[in-house]
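Novice: Input: one structure, supplied below.
The values are calculated or read from the model by the stated rules, or taken from the named source; none is laboratory data. From a predicted model like this one, the values you see are computed outputs, not experimental measurements. When we count neighbours, we look across all protein chains shown, and the Cβ atoms used for this are built from the backbone with ideal geometry, even at glycine. Just so you know, the surface numbers come from the protein's heavy atoms only, side chains and all, with ligands and any DNA or RNA stripped out. Shrake-Rupley method; radii C 1.70, N 1.55, O 1.52, S 1.80 Å.
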Amino acid sequence: MFLTSQRKTRDPEKFPTVQLFLLAIVRLAEPIALTSIFPYAWPLVKKFKVGDENDASFYAGLLISAFALAESLTGMYWGALSDRVGRKPILLLGCIGTMLSMIMVGFSTNIWMALAGRALGGFLNGNIGVIQTMVGELVTKPEHEPRAYSIMPFVWSIGTIIGPAIGGFFAVPADSFPNFFSQGGLFGRFPYLLPNLLCSGLLFISIISGYFLLEETHPDMQPRIALPDSTYLSEETPLIQTADAIKTPAVDLRAETYGSITDESKWQNTHTKTRPVKIFTKRIVALIFSLGIFTYHSMTYDHLLPIFLEDARGGPISSMALFARGINPFHSPGGLGMTVQQVGVIMSIDGAIALFVQAVIFPFAAERLGIHRLFILVTLLHPISYTIVPLLVYLPQSYLSLGIYASLAIRNLLSIIAYPCLLIMIKESSPSSSVLGRINGLAASAGAACRTVAPPIAGYLWTLGSRMDFTGLAWYGSALVATIGTVQCFSVKRLSTENDIENFRKENSSIAVREVDVEYSD
């Protein structure tokens, strides 16, 4: 099959720059497509006139999370299927599913059609787990892993900057560009079709690039090593051919026993037993729990941040009042009262900070501290990134921007480092490359499930806290979950050396055991 065949071998000693670049092109279109709906989800739902207008934010949240919910139900299935048919077909199918999903949402005339479109994309998309698996199979040297595993989060951050820009700029083009689009035309009747078509075009380019240029990485679908003819036959090779994989001569001319013939027929009553691969080992389960906890509180941050920045202030807090009563962490009225344009600038700079951490800080820190130690460190410090945000309401206006960007830098430093650390440890914990796709699919499903439930819970806590002049309640709720993660992370056993990793895999991988009842004797 063309999709799953490998045309040439890769040098495992070299960093796979070209293939990772092609994989990044395929990956880039996906976050652009998935996040482009964020700016117009709320007005799109209002256009459908579902229930009371005050419920639009609730239905917009459902529209955004429908993809993640559907993805969580099928992620492990796609990962397991990629173990059988190859990574490349599943990856391209995920891109096709996302493209069809966006076209369906663009042509939606009611909320149910839009929800069905988003869910369809999630059901057909298992790319998160498959891409993680392909990175793990492309990179075989441990010293290359920090650099390689920082690329996909780096690409995702770029996509989350470009996607909302496309969605916000090209939505309702008949109003924004009346000279090019009429109210009675196609884009007047479907005001949110244009951004979906543009993102679908990017996905189509990634599909074509991946089909023709991306190589299959599944270990069982790699080309056989071409050995010279002399390996198989020479003047000194006996006529009896061996069954060895590389056809090594049956007779060693240098051995003292030269002249005797080795034949497997000498072995009688021989049979083989295979111990099945253990997928749900304690270490893998612990890592998936860590990934789920991290994904949950990270998603709450992304959901709460724009709300906090845009929500009106609960009242001015003067410097004299601060000296008089001090800072009360349980009194944080409202947000920072910023405009949408100001929030857009802050989010763009936030993306730039994330890119810097991924490209520069993570590889350096991983090399100096090691993956496991770095993971424990950032997990222990993670609750700080949530507890400091509600305290920004106490900053005077002249220091507000500095405080915002400092809090974003702390959050990105911890969050951006934690994710690739988890991916690398999941790869190290896989007992066999034959089940790596299934394990990454399970991890992707767990992450998608947590991304589904995080926004409504965080939104409910924000609403509840607003009624008590305590919007920090939502942030402290996220800090509590992050604290649970700090306790749970110590359940991940450390594999400090390559020997530890090899022994771990041998203990949990399939082992073929040959049992011999009767040995041959002269």
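Novice: (1) touching a Lys or Arg at 6+ places or on another chain (Cβ under 8 Å); (2) farther than 22 Å from Ala458 by Cβ: which one isn't true of Val393, the others all being true?
Specialist: Against the list (1) touching a Lys or Arg at 6+ places or on another chain (Cβ under 8 Å); (2) farther than 22 Å from Ala458 by Cβ, Val393 comes up short only on (2).
Novice: Within the range 380-414, restricting attention to residues that are free of Cβ contacts under 8 Å to residues at least 24 places away in the same chain and over 19 Å from Ala479 (Cα atoms), which residue is surrounded by the most Cβ atoms within 10 Å (Cβ to Cβ)?
Specialist: Leu395
Novice: When the residues of the range 50-93 are filtered to those that are outside any helix (DSSP H, G or I) and either β-branched (Val, Ile, Thr) or modelled with pLDDT under 80 (or both), which remaining residue is farthest from Val435 (Cα to Cα)?
Specialist: Filtering the range 50-93 for residues outside any helix (DSSP H, G or I) gives 50-52, 86.
The next check asks that each one be either β-branched (Val, Ile, Thr) or modelled with pLDDT under 80 (or both); those that pass are 50-52.
Values: Val50: 44, Gly51: 46, Asp52: 48 Å.
Here the residue is Asp52.
Novice: Sticking with this structure for a sec: Cβ-Cβ under 9 Å, sequence separation 6+ or interchain: first residue in the range 430-451 and among the basic types (Lys, Arg), partner open to solvent by 10 Å² or more (accessible area, probe 1.4 Å) and assigned to a loop (DSSP other than H, G, I, E, B). Which pairs?
Specialist: Pairs found: Arg438/Ile279.
Novice: Tell me, please, whether a residue that is open to solvent by 50 Å² or more (accessible area, probe 1.4 Å) and of a type in the set (A, V, I, L, M, F, W, C) can be found in the range 435-458.
Specialist: Step one: list which residues in the range 435-458 are open to solvent by 50 Å² or more (accessible area, probe 1.4 Å), which gives 438, 451, 453, 456-457.
Imposing the further condition that a residue be of a type in the set (A, V, I, L, M, F, W, C) reduces the set to 453, 457.
Yes, the range 435-458 contains a residue that is open to solvent by 50 Å² or more (accessible area, probe 1.4 Å) and of a type in the set (A, V, I, L, M, F, W, C).
Novice: Now for a separate question. Could you tell me whether the range 327-344 includes any residue that is farther than 25 Å from Gly403 by Cα, open to solvent by 30 Å² or more (accessible area, probe 1.4 Å) and modelled with pLDDT under 70?
Specialist: No: zero hits.
Novice: When both residues are 6+ apart or on different chains and their Cβ atoms are under 9 Å apart, which pairs have a first residue that lies in the range 22-34 and is closer than 18 Å to Ile64 by Cβ and free of Cβ contacts under 8 Å to residues at least 12 places away in the same chain, and a second that is part of a helix (DSSP H, G or I) and of a type in the set (D, E, K, R)?
Specialist: Once the first residue is closer than 18 Å to Ile64 by Cβ and free of Cβ contacts under 8 Å to residues at least 12 places away in the same chain and sits in the range 22-34, no partner that is part of a helix (DSSP H, G or I) and of a type in the set (D, E, K, R) comes close enough.
Novice: State yes or no: is Val135 open to solvent by less than 30 Å² (accessible area, probe 1.4 Å) and under 26 Å from Ile37 (Cα atoms)?
Specialist: no
Novice: Collect the residues in the range 161-208 that are of a type outside the set (A, V, I, L, M, F, W, C), open to solvent by less than 50 Å² (accessible area, probe 1.4 Å) and within 24 Å of Val345 (Cα to Cα), keeping them in residue-number order. Don't jump to the end; show me each part of the working.
Specialist: First pass over the range 161-208, keeping only residues of a type outside the set (A, V, I, L, M, F, W, C): 163-164, 167-168, 173, 175-176, 178-179, 182-185, 188-189, 191-192, 195-196, 200-201, 206.
Okay, now just the ones that are also open to solvent by less than 50 Å² (accessible area, probe 1.4 Å), so 163-164, 167-168, 173, 185, 188, 191-192, 195-196, 200-201, 206.
Correct list: Gly163, Pro164, Gly167, Gly168, Pro173, Tyr192, Pro195, Asn196.
Novice: Sticking with this one: Return only the number of the condition from (1) open to solvent by 30 Å² or more (accessible area, probe 1.4 Å); (2) at pLDDT below 90; (3) more than 19 Å from Ala286 (Cα to Cα) that Glu428 does not satisfy.
Specialist: (3)
Novice: Which one is farthest from Thr387 (Cα to Cα), of the residues in the range 466-499 that are open to solvent by less than 40 Å² (accessible area, probe 1.4 Å) and either of a type in the set (D, E, K, R) or at pLDDT below 85 (or both)?
Specialist: Once the filter is applied, the top-ranked residue is Leu495.
Novice: Hey, another quick one. Going by the conditions given, is Val105 buried (at least 19 other Cβ atoms within 10 Å of the Cβ), under 30 Å from Gly370 (Cα atoms) and among the hydrophobic types (A, V, I, L, M, F, W, C)?
Specialist: Against the criterion (buried (at least 19 other Cβ atoms within 10 Å of the Cβ), under 30 Å from Gly370 (Cα atoms) and among the hydrophobic types (A, V, I, L, M, F, W, C)), Val105 does not qualify.
Novice: Find all pairs meeting these conditions: Cβ atoms under 7 angstrom apart; at least six residues apart or on different chains; first residue within the range 154-174 and under 17 Å from Gly106 (Cβ atoms); second residue open to solvent by 50 Å² or more (accessible area, probe 1.4 Å) and polar (S, T, N, Q).
Specialist: Taking only residues 6 or more apart or on different chains, the pairs are Ala174/Ser182; Ala174/Gln183.
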